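See below for the structure under consideration.
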Amino acid sequence: MPLIKSISGIRGTLKGDVDSSLNSVVIKKFTSSFIQHLKNINKNKPISIAVGRDGRVSGKKICKIICEVSFNMGIKIIDLGFSTTPSVEVFIEQEKLDGGIMISASHNGVEWNALKLFNSRGEFISKDDFNKINSIIEKKLFKYKDLNSTGKIITNSHSIEQHIELILSNKLVNVNKIKTAKFRIVVDGINSTGGIAVPLLLERLNVDIVKLNCEPDGNFIHDPEPLEKNLVELSKSVLEHNADLGIAVDPDVDRLAFIDEMGKYFGEEYTLVACADYVLNNNSGPTVSNLSSTKALKELTESKGCNYFYSAVGEVNVVETMKSKNAVIGGEGNGGIILPSIHYGRDALIGIALFLSHLVEKNCSVSNLRKQYPSYYMAKKKIDISNISFEKIFQKLKTEFSDCEIIEIDGLKINFKDSSWVHLRKSNTEEIIRIYSEANSILKSNQIADKVINLVNDL
């Protein structure tokens, strides 16, 4: 598998040759170029960055390499140890650092790891920044210091606690009422730092916690993406312990999913819907999600007299739209919650706090809360396009569905007159087109996706 390079950083498997794996040579070059980029931005003033890691076994070794590079380039690096992506983002912003790195391959398997890069605002770097970093790599423009001008390595193990304090001080989080509710919650920490962060947050909220896979040893007990098919154990545990709900996160804690008290999947698409419902009840304003997210958010937002906006897929694009529209909440359909009053980044911890606040305000069960939202069902499929022109596919679909609303901001999205839709995007890493379709039944959603696939296969 080749290295995956994007504006979020660099990602790859640990095995492979020097040009296609996330090896020490690649890590050194990429880290050196990122630091040099920060130096160029700041006109060679003293640079300080933070680095954190999720529970993957490989993270400690990668962190050591990054710290050594930073030291040799004469900058101060704060080693946060075990952390979460949103905790690192918050730490960068609060401590007024110049940037940071999170070592995590997010929802990918244990054989993967990645370097996620952040700017001084604790946000993912821009496309322009990424291009500049690549140019530095290609031209080998990074410079090391002599032994008399080396940097400094500082350890700080409190980034998660610092992040939690910020969440608990947010005016939207009803701390006292949550404490009074005395929830019993099962937490699936997927053997990563969610097993540290989520219980720490819930303990502060007087929650009776049942821990599941919370030892951060990096040996993921199941596929780390918090989808229904991967949360069978969590569903059973909720029933066994007579819990009020179950919580699942991905390894770096920027994705969030819930299991209701009946052991049923709440739906990662509806994590954002529920949190937005609560926020809009307390703070009116626009909402944002990407083109592949459920339209339930649009309907909810407009029902409250507020404006909904869509963006291209990707956290950077969602954040950009949120800023331009002054959105009060936004995110993506993978369970990613972005609350600007905390920071502009997907954050499962603030999502949990908002969701519990919503439950106590509504005074209802998780299953009853789900019934209050429109029910849409999504199918997610893909097409091999190695022998077919991407443009040819799109032209055929635009002709076939010419009587429908067509959006070409990010691939091709077709909105049908009955409120169903389909979205096609070319993968950045494979010769495939990803297909997302949504309708009022899973049967119809699959039928829409299959019709598109058949049209493509006829080319």
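One line per residue, one yes/no per condition, for (1) outside any loop (DSSP other than H, G, I, E, B); (2) farther than 27 Å from V319 by Cβ; (3) polar (S, T, N, Q):
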residue	(1), (2), (3)
P2	no, yes, no
K5	yes, no, no
R11	yes, no, no
V18	no, yes, no
V25	yes, yes, no
K28	yes, yes, no
T31	yes, no, yes
I35	yes, no, no
Output the residue which, of all residues in region 176-198 that are over 24 Å from D252 (Cβ atoms) and either touching a helix residue (DSSP H, G or I) at 6+ places or on another chain (Cβ under 7 Å) or not β-branched (V, I, T) (or both), is surrounded by the most Cβ atoms within 10 Å (Cβ to Cβ).
I178
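Given the residues S357, S289, S293, S311, which is the only one that is closer than 25 Å to A181 by Cα, touching a helix residue (DSSP H, G or I) at 6+ places or on another chain (Cβ under 8 Å) and either aromatic (F, W, Y) or surrounded by 22 or more Cβ atoms within 10 Å (Cβ to Cβ) (or both)?
Residue meeting the stated conditions: S357.
Scanning region 400-459 for residues that are among the hydroxyl-bearing types (S, T, Y) and surrounded by 20 or more Cβ atoms within 10 Å (Cβ to Cβ), which turns out nearest to K295 (Cα to Cα)?
Filtering first and then ranking leaves S420.
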Residue in region 427-445 that is nearest to the chain's Cα centre (by Cα), counting only those that are modelled with pLDDT of 95 or more and part of a helix (DSSP H, G or I):
S445
Which numbered condition L291 fails, given (1) of a type outside the set (G, A, S); (2) closer than 21 Å to L202 by Cβ; (3) under 18 Å from the mean Cα position of the chain (by Cα):
(2)
Single residue of region 94-133 satisfying the filter (of a type in the set (S, T, N, Q) and farther than 24 Å from H158 by Cβ) that is surrounded by the most Cβ atoms within 10 Å (Cβ to Cβ):
N108
Does S303 fit the bill of being under 19 Å from I407 (Cβ atoms) and without any contact (Cβ under 8 Å) to a residue 24 or more places away in the chain?
no
Please go through region 108-126 and give me each residue that is more than 19 Å from D217 (Cα to Cα) and not hydrophobic (A, V, I, L, M, F, W, C), ordered by number.
K116, N119, S120, R121, G122, E123, S126
So which strands (runs of 3 or more DSSP E) are wholly in region 46-160 and hold at least 2 residues that are among the small types (G, A, S) and modelled with pLDDT of 95 or more?
48-53, 99-103
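Give the residues of region 190-249 that are of a type in the set (D, E, K, R) and not in a helix (DSSP H, G or I), sorted by residue number. Steps first, please.
Residues of region 190-249 of a type in the set (D, E, K, R): 203-204, 208, 211, 215, 217, 223, 225, 228-229, 233, 236, 240, 244.
Result: D208, K211, E215, D217, D223, E225, D244.
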Filtering region 384-408 down to residues that are modelled with pLDDT of 85 or more and among the aromatic types (F, W, Y), which residue is nearest to the chain's Cα centre (by Cα)?
F394
Name the one entry in E161, E215 that is under 15 Å from A348 (Cα atoms) and free of Cβ contacts under 8 Å to residues at least 60 places away in the same chain.
E161
In this structure, is V279 closer than 23 Å to S375 by Cβ and in contact with a Phe, Trp or Tyr (Cβ under 7 Å, 6 or more places away or on another chain)?
no
Among K236, K229, which is the only one that is without any contact (Cβ under 8 Å) to a residue 60 or more places away in the chain and closer than 22 Å to R434 by Cβ?
K229
Scan region 252-271 and tell me whether some residue there is assigned to a helix (DSSP H, G or I) and surrounded by fewer than 20 Cβ atoms within 10 Å (Cβ to Cβ).
no
Please verify whether L424 is assigned to a helix (DSSP H, G or I), in contact with a strand residue (DSSP E or B) (Cβ under 9 Å, 6 or more places away or on another chain) and at pLDDT 90 or above, treating the condition exactly as stated.
no
Report yes if S48 is assigned by TED's automatic domain parsing to the domain that holds S104 and either buried (at least 20 other Cβ atoms within 10 Å of the Cβ) or within 26 Å of D254 (Cβ to Cβ) (or both), otherwise no.
yes
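Does T271 fit the bill of being in the same structural domain as N317 (by TED's automatic domain parsing) and free of Cβ contacts under 8 Å to residues at least 60 places away in the same chain?
Spelling it out, it is not the case that T271 is in the same structural domain as N317 (by TED's automatic domain parsing) and free of Cβ contacts under 8 Å to residues at least 60 places away in the same chain.
For region 365-383, state whether one or more residues are in contact with a strand residue (DSSP E or B) (Cβ under 7 Å, 6 or more places away or on another chain), part of a loop (DSSP other than H, G, I, E, B), of a type in the set (A, V, I, L, M) and modelled with pLDDT under 95.
No.
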Every residue in region 199-234 that is surrounded by 22 or more Cβ atoms within 10 Å (Cβ to Cβ) and of a type in the set (V, I, T), please.
V207
Which of the residues that make up region 306-348 are over 13 Å from E269 (Cα atoms), touching a residue at least 60 places away in the same chain (Cβ under 8 Å), part of a loop (DSSP other than H, G, I, E, B) and not hydrophobic (A, V, I, L, M, F, W, C)?
G314, S341, H343, Y344, G345, R346, D347
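The values are calculated or read from the model by the stated rules, or taken from the named source; none is laboratory data. Remember, it's a predicted structure, so these values are computed and weren't measured experimentally. Note: ideal-geometry Cβ built from the backbone for every residue, glycine included; neighbour counts use all protein chains shown.
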